[in-house]
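**Student:** One structure coming up, written as structure tokens, with questions to follow.
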Amino acid sequence: MKPLLIRGGRVVDPAQGIDKIADLLLQDGLVRGIHQRIDPPDDAEVIDASGSTVCPGFVDLHCHLREPGYEDKETIATGTRAAARGGFTTVCAMPNTNPVVDSPALVEFVLRKASDEGSVRVLSIGCVTKGSNGEELAEMGELAQAGVVGFSDDGNPVVDSNIMRQALSYSSAQGLPVINHCEVPELFQGGSMHEGWISNRLGIQGIPASAEEIMVSRDIALAELTGGRLHVAHISTAGTLELVRQAKDKGLAVTCEVTPHHLTLSDATVMGVRDGGSPFDPLTSSAYDTHAKVSPPLRGLADVAALVQGLRDGVIDLIATDHAPHNRVDKLCTIDEAAFGISVLETALGSVMSLVHSGEIALPWLIDRMTAAPARFLGRSDLGTLREGAAADVTIFDPDAEWTVDADGFASRGKNTPLDGMTLKGRVVATIFGGEVVFSASP
Amino acid sequence: MTQVRSEPIQSVLGGRRAVVASSPDLSEVPERPEGRRHILDLDDFSPAEILGVMQNADVMKEVLHRDIKKVPTLRGKTVITLFYEASTRTRVSFEQAGKILSADVINVAGDGSSVEKGESLHNTALTLQAMNADIIVIRHPHSGAPHFLARNLDSCVINAGDGQHAHPTQALLDLYTIQSHRGQIDGLKVVIVGDILYSRVARSNLWGLTKMGAQVVLCAPPTLIPPDFLNSSRQVEGHPFASVQIETNVERALEGADVVMALRLQLERQRAGRLPTLREYSRMYGITPKRLELAKPEVLVMHPGPMNEGIEIDPEVAHGARSVIEEQVTNGVAIRMALLYTVLTPRRGGSFPLP
């Protein structure tokens, strides 16, 4: 493998507090150094990164690669290719495949398949309960030995409070987090979107914010009871943010994540409203956008603003995509029939960069929440940083490049995005994984 | 066959001038609004367009009362009704409207069609379009199904009721019924009593009535009112329903009412925990002769049907002197004739074949 010199970019490595124009040398799959000026070794390949930002490869704590079982929606090969195109060099695969990842054999399958066919690093998340059906704990000890980085029944919440208590308690022996999808079924079932004016005018059953907040509140109480490590997946409401803030103030081992879509889109997206439109405008035939149906739902503008604030002040630990690819037919139907989920990996950076361009989030902080913070969460000092000796995982992006989302051109099998046809500002130029270029944008 | 451009509606129908007291000169009717290809809800109708539909319906109603109820207006056009829910009055009403105008009307129901074999709505609709349907009239249990078709098909789409969302043709016939009795809608107090939360009739009427200047009161137990009508979220600038009143006490709601619209209450609401019992609902919210005395003497009693007599409405009221419920049905045919005419009439620059 040839050494790689990335020349003249704005190198941002939040883990080391670096933000400067510099050269970055990668060799033998590792970072060799960042200096004002590095003379390339004889056999080195040189990438001119002037005008671009050079940062650690993004780490996604929450995505759905769908394999095994739902290869029509995504495979490990296509999902990791999508990750590479989005600037992600490490993705954590949620276990709600078919069969679910509740045994070491399944973990092994995912990891081997990833190393054979994957474009980037895949880490495996194991189930909380056997069959992910919420009744008995999965073999968490053996799953941990097989290499899972956390436990989750994502897609479904852990409904039973006693099972959740035991899961938080048992997993503390492994030192691994329980990642819960928090929504109480009684307030969630039958709903397809955020409850508010727009669900009312569309005649779609709404999901109130309290559906999420009740379970978050319960889980925080159980984390306190057990001393276990709780990670709240994809928070969506201002109320949840306050609950997590209070838990942190108490010193509990509670963390949370937010998705690019919950930071940038509101429930008006379901109505087909784009920038400049009003939720009081007449509906058009682009209303009832099934691509905007996601769980938890896109919330109101006040929630979106609160989440951005929570990201800025650090209550939100990290950005995760909740990449949830589906096939065409899963979304080519009415809202009630449509599957929940958005294909996110390839638009994530462009979405969240809007917060940088609007001045709401500083670029180094945004990068921190997508690199150093998730790596710290995973306890991996070799990821999410450009420290000497770290994995040579690098993302180069042009923060100002505008591009139009073309879902049909996604590497992901999931073309399901409400952003299709929209212009985003901020584009991945190249992704380097283990010192090799795994994605490079055509000029 | 003569090709005629932008023919006024009366010569298209070959009929006499309709005689309705409130009807203005039809030569001023904006009967062919630019670009209306679908009828999905009333949120995109202007008051002028609603008036235009009502004025056309006057003419259609005259045809409906002829001995020979047939005009050649839509000869050679195909109307397909695609009903995924049970319906008597709406489906028959569309069928009759189409047939009087000489369109070929084909009825497809969910039962007994390829829908039962698991065909998706998308594929069923594409199939019907491939048969060159000019209009697809759809009723579907899911909100937004007509928008989904409008997005994916070239045919005209008419919403005959989608989930909890909208029932624009019902709302238009309700407006028409009020207008033809009272000469106007502006300023009237219209009370809608019942299952507002789940009612597509209420949602479409909200748009229609507020656009026409009615003072709308929604009356139901709080569990059957959309949550965002119960909080202060309507107090923002530009909210279309800012003036709508919410009243949980039926007596207070009915005071001085010009129109009372009762909605059908489904037994499912009790099972879903929204009501203690239908009995209690009936006692607390049923429209009884005694309660009706609180309204104006000339009050109109309406119901979109089918009725649960004895639950949301007392039989004496439903069939009493103030009831216009059967008239609503007749007006429904006229309104649907007017709407079929509207969407099938060529856009400006087109032509319309006459016999």
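The values are calculated or read from the model by the stated rules, or taken from the named source; none is laboratory data. These numbers were taken from a predicted model, which means no experiment stands behind them. Neighbour counts run over all protein chains shown; Cβ positions are idealised from the backbone, glycine included.
**Student:** Can A:HIS231 be described as in contact with a Cys (Cβ under 8 Å, 6 or more places away or on another chain) and either part of a strand (DSSP E or B) or within 19 Å of A:ALA338 (Cα to Cα) (or both)?
**Tutor:** yes
**Student:** Any residue in segment B:252-272 that is within 12 Å of chain A (Cβ to nearest Cβ), in contact (Cβ under 8 Å) with a residue 12 or more places away in the chain, crowded, with 16+ Cβ neighbours inside 10 Å and within 28 Å of B:GLN184 (Cα to Cα)? Quick ask: steps written out before the conclusion?
**Tutor:** Restricting attention to segment B:252-272, the residues satisfying the condition of being within 12 Å of chain A (Cβ to nearest Cβ) are B:268, B:272.
This time we only want the ones that are in contact (Cβ under 8 Å) with a residue 12 or more places away in the chain, so: none.
Checking segment B:252-272: not a single residue is within 12 Å of chain A (Cβ to nearest Cβ), in contact (Cβ under 8 Å) with a residue 12 or more places away in the chain, crowded, with 16+ Cβ neighbours inside 10 Å and within 28 Å of B:GLN184 (Cα to Cα).
**Student:** Is there a residue being within 14 Å of chain B (Cβ to nearest Cβ) and more than 18 Å from the chain's Cα centre (by Cα) anywhere in segment A:306-313? Reasoning before the result, please.
**Tutor:** First, the residues of segment A:306-313 that are within 14 Å of chain B (Cβ to nearest Cβ): none.
Scanning segment A:306-313 turns up no residue that is within 14 Å of chain B (Cβ to nearest Cβ) and more than 18 Å from the chain's Cα centre (by Cα).
**Student:** Quick test for you: out of B:PRO24, B:PRO47, pick the one residue that is within 14 Å of chain A (Cβ to nearest Cβ) and either closer than 23 Å to B:HIS181 by Cα or modelled with pLDDT of 95 or more (or both).
**Tutor:** On the way: B:PRO24 fails: within 14 Å of chain A (Cβ to nearest Cβ).
Step by step, each of B:PRO24, B:PRO47 is checked, and only B:PRO47 is within 14 Å of chain A (Cβ to nearest Cβ) and either closer than 23 Å to B:HIS181 by Cα or modelled with pLDDT of 95 or more (or both).
**Student:** If you go through segment A:101-120, how many residues are surrounded by fewer than 23 Cβ atoms within 10 Å (Cβ to Cβ) and either assigned to a loop (DSSP other than H, G, I, E, B) or in contact (Cβ under 8 Å) with a residue 40 or more places away in the chain (or both)? Talk me through it step by step, then tell me what you get.
**Tutor:** Start the filter on segment A:101-120 by keeping residues that are surrounded by fewer than 23 Cβ atoms within 10 Å (Cβ to Cβ), which leaves A:103-106, A:108-109, A:111-113, A:115-117.
Subset that is either assigned to a loop (DSSP other than H, G, I, E, B) or in contact (Cβ under 8 Å) with a residue 40 or more places away in the chain (or both): A:103-104, A:109, A:113, A:117.
Matching residues across segment A:101-120 total 5.
Yes/no matrix, rows are residues, columns are (1) within 7 Å of chain A (Cβ to nearest Cβ); (2) acidic (Asp, Glu); (3) within 15 Å of the chain's Cα centre (by Cα); (4) closer than 17 Å to A:ALA338 by Cα:
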| position | (1), (2), (3), (4) |
| --- | --- |
| B:HIS122 | yes, no, no, yes |
| B:ALA130 | no, no, no, no |
| B:ARG139 | no, no, yes, no |
| B:ASP154 | no, yes, no, no |
| B:ASN159 | no, no, yes, no |
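**Student:** Which one is nearest to A:LEU30 (Cα to Cα) among residues in segment A:387-417 that are in contact with a helix residue (DSSP H, G or I) (Cβ under 7 Å, 6 or more places away or on another chain) and in a loop (DSSP other than H, G, I, E, B)?
**Tutor:** Once the filter is applied, the top-ranked residue is A:ARG387.
**Student:** State which residue pairs qualify: first residue touching a residue at least 12 places away in the same chain (Cβ under 8 Å) and inside segment A:138-158, second residue charged (D, E, K, R) in any location, beta carbons under 6 Å apart, and separation of 6 or more residues or different chains.
**Tutor:** Going by the 6 Å Cβ cut-off, the qualifying pairs are A:ALA138/A:ASP102; A:ALA138/A:LYS130; A:PRO157/A:GLU183.
**Student:** Could you pull out the residue among B:ALA145, B:ALA150 that is within 12 Å of chain A (Cβ to nearest Cβ), out of contact with any Phe, Trp or Tyr (no Cβ under 9 Å at 6 or more places or on another chain) and closer than 20 Å to A:LEU202 by Cα?
**Tutor:** On the way: B:ALA145 fails: out of contact with any Phe, Trp or Tyr (no Cβ under 9 Å at 6 or more places or on another chain).
Answer to the selection: B:ALA150.
**Student:** I would also like to ask the following. Specify which of the listed residues (B:VAL244, B:VAL201) is β-branched (Val, Ile, Thr), within 14 Å of chain A (Cβ to nearest Cβ) and touching a residue at least 60 places away in the same chain (Cβ under 8 Å).
**Tutor:** Details: B:VAL244 fails: touching a residue at least 60 places away in the same chain (Cβ under 8 Å).
On inspection, the qualifying residue turns out to be B:VAL201.
**Student:** Separate question: Residues in segment A:374-385: is at least one surrounded by 17 or more Cβ atoms within 10 Å (Cβ to Cβ), part of a loop (DSSP other than H, G, I, E, B) and on the phi > 0 side of the Ramachandran plot? Reasoning before the result, please.
**Tutor:** We begin by selecting, within segment A:374-385, every residue surrounded by 17 or more Cβ atoms within 10 Å (Cβ to Cβ); these are A:374-378, A:380, A:383-385.
Within this subset, residues satisfying the condition of being part of a loop (DSSP other than H, G, I, E, B) are A:380, A:383-385.
Next, from what is left, pick out any that are on the phi > 0 side of the Ramachandran plot: A:384.
Checked segment A:374-385: at least one residue is surrounded by 17 or more Cβ atoms within 10 Å (Cβ to Cβ), part of a loop (DSSP other than H, G, I, E, B) and on the phi > 0 side of the Ramachandran plot.
**Student:** State the number of residues belonging to segment B:214-265 that are under 24 Å from the mean Cα position of the chain (by Cα) and small (Gly, Ala, Ser).
**Tutor:** Selection size over segment B:214-265: 7.
**Student:** Please work out which residue is nearest to the other protein chains (Cβ to nearest Cβ), limiting yourself to segment B:161-174 and to residues that are in contact with an Asp or Glu (Cβ under 8 Å, 6 or more places away or on another chain) and assigned to a strand (DSSP E or B).
**Tutor:** To start, the set of residues in segment B:161-174 that are in contact with an Asp or Glu (Cβ under 8 Å, 6 or more places away or on another chain) comprises B:161, B:163, B:165-166, B:168.
With the extra rule that they be assigned to a strand (DSSP E or B), the set shrinks to B:161, B:166.
On the way: B:GLY161: 10, B:ALA166: 7 Å.
Restricting to residues being in contact with an Asp or Glu (Cβ under 8 Å, 6 or more places away or on another chain) and assigned to a strand (DSSP E or B), the top hit is B:ALA166.
**Student:** Mind telling me which of the residues A:SER210, A:SER192 ends up being surrounded by fewer than 24 Cβ atoms within 10 Å (Cβ to Cβ), in contact (Cβ under 8 Å) with a residue 24 or more places away in the chain and of a type in the set (S, T, N, Q)? Outline the logic, then answer.
**Tutor:** Numbers: A:SER192 fails: surrounded by fewer than 24 Cβ atoms within 10 Å (Cβ to Cβ).
A:SER210 is the lone residue from the list that is surrounded by fewer than 24 Cβ atoms within 10 Å (Cβ to Cβ), in contact (Cβ under 8 Å) with a residue 24 or more places away in the chain and of a type in the set (S, T, N, Q).
**Student:** Another one. Spot the failing condition for B:ASP41; the list is (1) exposed (fewer than 15 other Cβ atoms within 10 Å of the Cβ); (2) outside any helix (DSSP H, G or I), and only one is missed.
**Tutor:** (1)
**Student:** Would you be able to say whether some residue in segment B:91-110 is among the polar types (S, T, N, Q), in contact (Cβ under 8 Å) with a residue 40 or more places away in the chain, in contact with a strand residue (DSSP E or B) (Cβ under 8 Å, 6 or more places away or on another chain) and assigned to a helix (DSSP H, G or I)? Full working, then the answer.
**Tutor:** Going residue by residue through segment B:91-110, those that are among the polar types (S, T, N, Q) are B:93, B:96, B:102, B:107.
Within this subset, residues satisfying the condition of being in contact (Cβ under 8 Å) with a residue 40 or more places away in the chain are B:93, B:96.
Now restrict to residues that are in contact with a strand residue (DSSP E or B) (Cβ under 8 Å, 6 or more places away or on another chain): none.
Within segment B:91-110, none of the residues are among the polar types (S, T, N, Q), in contact (Cβ under 8 Å) with a residue 40 or more places away in the chain, in contact with a strand residue (DSSP E or B) (Cβ under 8 Å, 6 or more places away or on another chain) and assigned to a helix (DSSP H, G or I).
**Student:** May I pose another question? I'd like the full set of residues that are more than 30 Å from B:GLY163 (Cα to Cα) and either within 14 Å of chain B (Cβ to nearest Cβ) or surrounded by fewer than 19 Cβ atoms within 10 Å (Cβ to Cβ) (or both), limited to segment A:332-355.
**Tutor:** Within segment A:332-355, A:SER354 is the sole residue that qualifies.
**Student:** I need a count of the residues in segment A:127-151 that are assigned to a helix (DSSP H, G or I) and within 14 Å of A:ALA173 (Cα to Cα).
**Tutor:** Residues of segment A:127-151 that are assigned to a helix (DSSP H, G or I), as a first pass: A:130-132, A:140-146.
Add one more test, that the residue is within 14 Å of A:ALA173 (Cα to Cα), and what stays is A:140-145.
Selection size over segment A:127-151: 6.
**Student:** For segment B:138-149, state whether one or more residues are in contact with a helix residue (DSSP H, G or I) (Cβ under 7 Å, 6 or more places away or on another chain) and either assigned by TED's automatic domain parsing to the domain that holds B:TYR198 or part of a loop (DSSP other than H, G, I, E, B) (or both).
**Tutor:** Yes, because at least one residue in segment B:138-149 is in contact with a helix residue (DSSP H, G or I) (Cβ under 7 Å, 6 or more places away or on another chain) and either assigned by TED's automatic domain parsing to the domain that holds B:TYR198 or part of a loop (DSSP other than H, G, I, E, B) (or both).
**Student:** Something else about it: May I ask you to list the residues in segment B:193-215 that are within 16 Å of B:LYS296 (Cβ to Cβ) and buried (at least 22 other Cβ atoms within 10 Å of the Cβ)? Spell out how you get there, then give the answer.
**Tutor:** In the first step, residues of segment B:193-215 are kept if they are within 16 Å of B:LYS296 (Cβ to Cβ); the result is B:193, B:214-215.
Residues satisfying the conditions are B:VAL193, B:ALA214.
**Student:** Pick out the one residue from B:LYS69, B:LYS99 that is in contact with a helix residue (DSSP H, G or I) (Cβ under 6 Å, 6 or more places away or on another chain), more than 14 Å from chain A (Cβ to nearest Cβ) and among the basic types (Lys, Arg).
**Tutor:** Working: B:LYS99 fails: in contact with a helix residue (DSSP H, G or I) (Cβ under 6 Å, 6 or more places away or on another chain).
After ruling out the rest, the residue left standing is B:LYS69.
This table checks each residue for (1) in contact with a Leu (Cβ under 8 Å, 6 or more places away or on another chain); (2) of a type in the set (A, V, I, L, M); (3) within 30 Å of B:SER120 (Cα to Cα).
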| residue | (1), (2), (3) |
| --- | --- |
| B:ASP44 | yes, no, yes |
| B:PRO47 | no, no, no |
| B:ILE68 | no, yes, no |
| B:GLU85 | no, no, yes |
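**Student:** Name the residues in segment A:191-217 that are assigned to a helix (DSSP H, G or I) and within 12 Å of another protein chain (Cβ to nearest Cβ), would you? Let's see the steps before the verdict.
**Tutor:** Narrowing segment A:191-217 to residues assigned to a helix (DSSP H, G or I): A:197-202, A:209-217.
A:TRP197, A:ILE198, A:SER199, A:ASN200, A:ARG201, A:LEU202, A:ALA209, A:SER210, listed by residue number.
**Student:** Just a yes or no: is a residue in segment B:106-113 hydrophobic (A, V, I, L, M, F, W, C), surrounded by 15 or more Cβ atoms within 10 Å (Cβ to Cβ) and within 14 Å of another protein chain (Cβ to nearest Cβ)? Break it down into steps so the answer makes sense when it comes.
**Tutor:** From segment B:106-113, those hydrophobic (A, V, I, L, M, F, W, C) are B:106, B:108-109; that's our starting set.
Pick out the ones that are also surrounded by 15 or more Cβ atoms within 10 Å (Cβ to Cβ) and you get B:106, B:108-109.
Applying the additional criterion that residues be within 14 Å of another protein chain (Cβ to nearest Cβ) yields none.
So far as segment B:106-113 goes, no, none of its residues is hydrophobic (A, V, I, L, M, F, W, C), surrounded by 15 or more Cβ atoms within 10 Å (Cβ to Cβ) and within 14 Å of another protein chain (Cβ to nearest Cβ).
**Student:** Another question, if that's okay. When you go through (1) hydrophobic (A, V, I, L, M, F, W, C); (2) part of a loop (DSSP other than H, G, I, E, B); (3) without any contact (Cβ under 8 Å) to a residue 40 or more places away in the chain one by one for B:ILE196, which number turns out not to apply?
**Tutor:** With (1) hydrophobic (A, V, I, L, M, F, W, C); (2) part of a loop (DSSP other than H, G, I, E, B); (3) without any contact (Cβ under 8 Å) to a residue 40 or more places away in the chain applied to B:ILE196, the lone miss is (3).
**Student:** Restricted to segment A:259-289, and to residues that are buried (at least 24 other Cβ atoms within 10 Å of the Cβ) and among the β-branched types (Val, Ile, Thr), which residue is farthest from the other protein chains (Cβ to nearest Cβ)?
**Tutor:** So the residue we want is A:THR259.
**Student:** Does B:GLU34 satisfy the criteria of being at pLDDT below 95, part of a loop (DSSP other than H, G, I, E, B) and not assigned by TED's automatic domain parsing to the domain that holds B:GLY208? Give the derivation first.
**Tutor:** Details: at pLDDT below 95: yes; part of a loop (DSSP other than H, G, I, E, B): yes; not assigned by TED's automatic domain parsing to the domain that holds B:GLY208: yes.
Answer is yes for this residue.
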